[in-house]
Amino acid sequence: MTSALPPSWPSRRGMPDLATLDEPTRRTIAAAVELLRARQDAFGHRFLKLARAHLPGYDVLTDEEIRATAQQFMDTLVSELSFLRVPDGALRELLNKFAVERGARGIPPEVLAAGYQMGSREMLTLLDEVGLEVGLPMDLLLAVHDSTWEFSNEASSVFARVQHDLALERAHFDAERRSTFAAGVLSGTFPAEQINRDAHLFTLDPRARYVPLAARAPDPAAIRRAVASALRTPADRLLFAEIGTCLGFIAPGPPEHLTGHLVAAGPSATLDQLHDGFQEAVLALTTAEQFHLSGLVRLTDLGPRPLVLSDTRIAAGLSARHMRALDTPARATTDIEDTTRVYLECDQQVREVARRLAVHQNTVRYRVHRFQELTGLDLHRTEDLVTAWWLLNRRRPRPSS
């Protein structure tokens, strides 16, 4: 036994080319246009009443704005019909403008779509009333209905796309504004008055203390994600900026459990004093890079290491006096220099140096002895030991960028 086939839906009626209509139909359309024009104000009031009753999202709009927009859509439809044109193109242009304006006012796309469908229904009701009065052909009226509802579905997509574009634009603007503020604070180019005035825009308390962070990485996005994760903060809420060759961050505190990256922290301070701490963080970062460190570092953790990066002229003179004998390409002198550096890093513990370098302890003693002979620096004297440590670390290979 076979079941009966369900009845098929009537096919959509496409809008005809209005310019090809016969003269009587053209006159009928002209009469309809005149009646529609006469009722534009009434249409605006009808839509306003519906909007106030059923569209709470329109609360941000005044009565006049709602009426004017409804009348503008009606005017576009009537004007196109008066020229015997299908109004789709003109309505699309108006629809995009409408979507941008209303989206910028914060009206959600689903509310805009509901309002457009409500307006379309009222417009078709009015057109049916006018069509009955002037005798518009039924096929033409049905085609207008089909075209209007199809266009209403398209409008929903337009509202969603425009809302998405506006969200991206707002996010980009917010990121730029946050970056500008962070750069002004960390570089010290913003006056205290401006910092204190604008801090609340970024949910910051100008009286609270924050920690400046400095980092440098070939992949800025990766370091931002790492810092955000360590701070347990969404990456898009981080206050950071590119300052010279560094990335600077304003953090509520030092990051925890930071691995795989080098980040330097300055001392905590109020926002209007944070630039001094950031400079300290940059110095700590540069020093830590020279010594191949990783993780979170502070200047106070680095001991005398920052001195290695200072006084280039003095270093050159001392190096010429003591290190000239090591400035040869021979493997032996390289081994002597590297072993002595590790010897000082290990607090002169020969056994630990031998373990690290995988050599015999006597080899360590011999190389250190040769270093003293070649440089004239006696590592049993405090001043010579400090000078040797300083020069050796000045000469160590710098990390590649």
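The values are calculated or read from the model by the stated rules, or taken from the named source; none is laboratory data. Not measured: the values here are computed from a predicted model. Don't worry about glycine lacking a Cβ; one is built from the backbone with ideal geometry, like all the others, and counts go over all protein chains shown. Note: accessible area is taken over every heavy atom of the protein model, side chains too, but ligands, DNA and RNA are not part of it. Shrake-Rupley method; radii C 1.70, N 1.55, O 1.52, S 1.80 Å.
So here's what we get for this one:
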| item | result |
| --- | --- |
| Relative contact order of the range 63-174, defined on C-alpha pairs under 8 angstrom at six or more residues apart (%) | 35 |
| Placed amide H near Leu239: partners under 5 Å, 5+ positions off or other chain | Ile250 |
| In degrees, nearest ten, helix 220-231 long axis to first principal axis of the chain (Cα) | 80 |
| Of all accessible heavy-atom area on the chain, the percent that carbon and sulfur account for (1.4 Å) | 54 |
| The chain: calculated mean residue ellipticity at 222 nm from DSSP helix runs of at least 4, using -39500 (n - 2.57) | -20500 deg cm²/dmol |
| Over the chain, equivalent-ellipsoid semi-axes from the Cα gyration tensor in Å | 80, 24, 17 |
| Fully extended contour minus Cα-Cα distance, from Val134 to Ala316, at 0.36 nm per residue | 55.5 nm |
| Extended-chain gain in nm, criterion 0.36 nm per residue less alpha-carbon gap, His292 and Thr189 | 33.9 nm |
| Accessible area expressed per residue, the range 39-145, with surrounding protein chains retained (probe 1.4 Å, Å²) | 47 |
| Candidates per chymotrypsin sites (Phe, Trp or Tyr not before Pro) in the range 69-107, loop by DSSP, up to 13 other Cβ within 10 Å | Phe83 |
| FRET E, pair Asp219, Arg356, Förster distance 41 Å, beta-carbon r, rounded to 0.05 | 0.85 |
| Spin-label model distance (nm) - Arg395 vs Thr62, 7 Å beyond Cα toward Cβ | 8.0 |
| From phi via Karplus (6.51, -1.76, 1.60), per-residue ³J(HN,Hα) for the range 290-296 in Hz, x at Gly/Pro | 4, 9, 6, 8, 8, x, 8 |
| Computed lengthening from Ser79 to Asp41, 0.36 nm per intervening residue step minus Cα-Cα distance | 12.1 nm |
| Isotropically averaged projected area of the range 113-237, using the convex hull of Cα atoms (one quarter of hull area), nm² | 13.5 |
| Residues of the range 194-217 with amide N under 12 Å of the 7 Å Cα→Cβ point at Asp174 | 202-203 |
